[in-house]
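Q: I'd like to ask you about the structure that follows.
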Amino acid sequence: LSPYIWSIAVDPKFQKRGVGGNLLREIIKRYTLNKEKKIELHVHAENSAINLYVSYGFRIAADVSNYYGPGEDGLLMRRTLP
């Protein structure tokens, strides 16, 4: 199984200050040092965090209909590690 990010949450008072990016950078670093091949996560299809994930090398691997419930689609995102 690949490492999976279940949740990253940043208090709204601290959003847009690099906190989420710092968390992602640390996660990527640790799994790279552990010689993992990839990291995966799901995100709501309308979540603005998609842009953050893309900027850290995650790519959309699949659209998942109704992942979060009826009419609430998600995206499977994946980042390949060196």
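Q: Which lysines have a Cα less than 22 Å from the Cα of Lys37, not counting those fewer than 8 places away in the same chain?
A: Lys29
Q: With Cβ to Cβ distances under 15 Å as the rule, what net charge do the other residues near Asn22 carry (K, R +1; D, E -1)?
A: Details: positive: Lys16, Arg17, Arg25, Lys29, Arg30; negative: Asp11, Glu26.
The answer is +3.
Q: Another question, then. Counting only DSSP beta bridges with both residues in the chain, what percent are antiparallel, rounded to the nearest 5?
A: Numbers: 12 of 14 bridges.
The antiparallel proportion sits near 85 percent.
Q: Per residue of segment 49-54, in order, report the coupling 6.51 cos²θ - 1.76 cosθ + 1.60 (Karplus, θ = phi - 60°) as ³J(HN,Hα) in whole Hz, putting x for Gly and Pro.
A: Per-residue couplings from phi come out as 5, 3, 4, 5, 4, 4 Hz.
Q: When the scattering of segment 1-77 is computed by the Debye formula from its Cα atoms alone, each counted once and equally, what is log10 I(q)/I(0) at q = 0.11, 0.13, 0.24 Å⁻¹?
A: For the requested q values the scattering log ratios are -0.30, -0.42, -1.22.
Q: Could you state the accessible area per residue of the chain in Å², with a 1.4 Å probe and every protein chain left in place?
A: Values: 5820 Å² over 82 residues.
Value returned for the chain: 71 Å² of accessible area per residue.
Q: Give me the percent of accessible area attributable to carbon and sulfur for the chain, probe 1.4 angstrom.
A: Carbon and sulfur atoms account for 52 percent of the accessible area of the chain.
Q: Can you order the peptides 41-54, 5-18 by their average number of other Cβ atoms within 10 Å per residue, highest first? Before the final figure, lay out each step's value.
A: On the way: 41-54: 15.6, 5-18: 10.4.
Ranking, from highest mean packing down: 41-54, 5-18.
Q: Counting alpha carbon pairs within less than 8 Å and at least 6 residues apart, what relative contact order, in whole percent, applies to the chain? List each step's numbers first, then the result.
A: Values: 111 pairs, mean separation 26.0, N = 82.
That works out to 32 percent.
Q: May I pose another question? What does the charge add up to near His44, with Lys and Arg as +1, Asp and Glu as -1, over the other residues with Cβ less than 14 Å from its Cβ? Before the final figure, lay out each step's value.
A: Numbers: positive: none; negative: Glu46, Asp63, Glu72, Asp73.
For residues surrounding His44, the net value is -4.
The values are calculated or read from the model by the stated rules, or taken from the named source; none is laboratory data. These numbers were taken from a predicted model, which means no experiment stands behind them. Glycine also receives a Cβ, built like all others from the backbone with ideal geometry; neighbour counts cover every protein chain displayed. Accessible surface is based on the protein model in full, side chains and every heavy atom, while ligands, DNA and RNA are left aside. Shrake-Rupley method; radii C 1.70, N 1.55, O 1.52, S 1.80 Å.
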